[in-house]
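In what follows, a single structure is set out as structure tokens and then discussed.
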Amino acid sequence: MFLTRLLSGAVLLLIAFASFWVGAPLLPVVLFLVSAVGYLELTKALGVREKTNGKLCALEIVGLVAVAVYYALLLFCDMEILKGDKFFYCLLGIALMFLAELFVYVIRFPKYEAEPVIASVFAFLYAPVMLSFIDMTRMHSDGKRLVWLILISSWGCDTCAYCVGKLIGKKKIFPVLSPKKSLEGCIGGVLGAALIGVIYVACLGTREPKTLCLIAVICAFGGAVSMLGDLAASAIKRNKGIKDYGKLIPGHGGIMDRFDSVIVTAPLTYFMVVLLLGM
């Protein structure tokens, strides 16, 4: 199992490296594929398919089309085919998705109740929209380097928290939701993410103390929020009585199992980079 997880993790890092290095058009396409699978994993877990015997329903099909439209708008912005504020087109994509789901709800009434419609919109905001901030971070000046802070804050924190928790973890802080998480591990994860972020930026040639401190703050906050994402995804699984969201990634589970922390870290990192580093 360990070797399988290691190999899967290495493949994910290679895909991330290629996508981050190239940027558009590769990165938006990769994010679209990841988001589409994550969206379907969430809608399935949230019971959107309950009335279709596990088959894709109209709400999900409309949602998938909306994910494609959303990332097409991002891609066209990245390639300067569309002019103007990228956030305008993001809001446009979200509004179109919401209206399309309402249209299906009304046209097919009373086949669908309000709950699966709400779940479908929630899944769209949770995975595709939140993950799109990876692309937004990459498209900023110096984004090719700073976009890695998202993975450092999430996966770096997760790795450090696991190691510290294994070594000295004693005080359990979420015994019901996540029995293996300890206070010592959480603190170690946050501090570890901050340290890795500083080392990463320093290795790239940045030596200015103020910048290094700001990077540490970004990664520390990102690490703390990444644990919130991990716990939220776990809460959904426990509510719905499932172990994993899927089986796409050997040794890890589904997209939502591996990217649960990245999903919430991406927007925070983007906004902190803009606010603190002025990018």
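The values are calculated or read from the model by the stated rules, or taken from the named source; none is laboratory data. Fair warning: this is a prediction, and the values are worked out from it, not measured in the lab. Backbone-built Cβ (ideal geometry, glycine too); neighbour counts: all protein chains shown.
Evaluation of E101 against the conditions (1) assigned to a loop (DSSP other than H, G, I, E, B); (2) buried (at least 17 other Cβ atoms within 10 Å of the Cβ); (3) of a type in the set (D, E) shows that the sole unmet condition is (1).
Quick check on segment 225-237. Is at least one of its residues at positive phi and in the same structural domain as A16 (by TED's automatic domain parsing)? Within segment 225-237, none of the residues are at positive phi and in the same structural domain as A16 (by TED's automatic domain parsing). Among the residues here, F76 qualifies as in a helix (DSSP H, G or I) and farther than 25 Å from F122 by Cβ.
The set of residues in segment 225-251 being outside any helix (DSSP H, G or I) and of a type in the set (A, V, I, L, M) consists of I242, L248, I249. With respect to (1) at positive phi; (2) in contact with a helix residue (DSSP H, G or I) (Cβ under 7 Å, 6 or more places away or on another chain), the lone exception for G205 is condition (2). Does any residue of segment 112-135 turn out to be surrounded by fewer than 24 Cβ atoms within 10 Å (Cβ to Cβ), among the β-branched types (V, I, T) and touching a strand residue (DSSP E or B) at 6+ places or on another chain (Cβ under 9 Å)? No: segment 112-135 contains no residue that is surrounded by fewer than 24 Cβ atoms within 10 Å (Cβ to Cβ), among the β-branched types (V, I, T) and touching a strand residue (DSSP E or B) at 6+ places or on another chain (Cβ under 9 Å).
In segment 6-49, the qualifying residues are those that are among the hydroxyl-bearing types (S, T, Y) and in contact with a helix residue (DSSP H, G or I) (Cβ under 7 Å, 6 or more places away or on another chain), and the one that is farthest from R138 (Cα to Cα) is T43. If you filter segment 173-225 down to residues that are basic (K, R) and in contact with a strand residue (DSSP E or B) (Cβ under 9 Å, 6 or more places away or on another chain), you find that the one that is surrounded by the most Cβ atoms within 10 Å (Cβ to Cβ) is K181.
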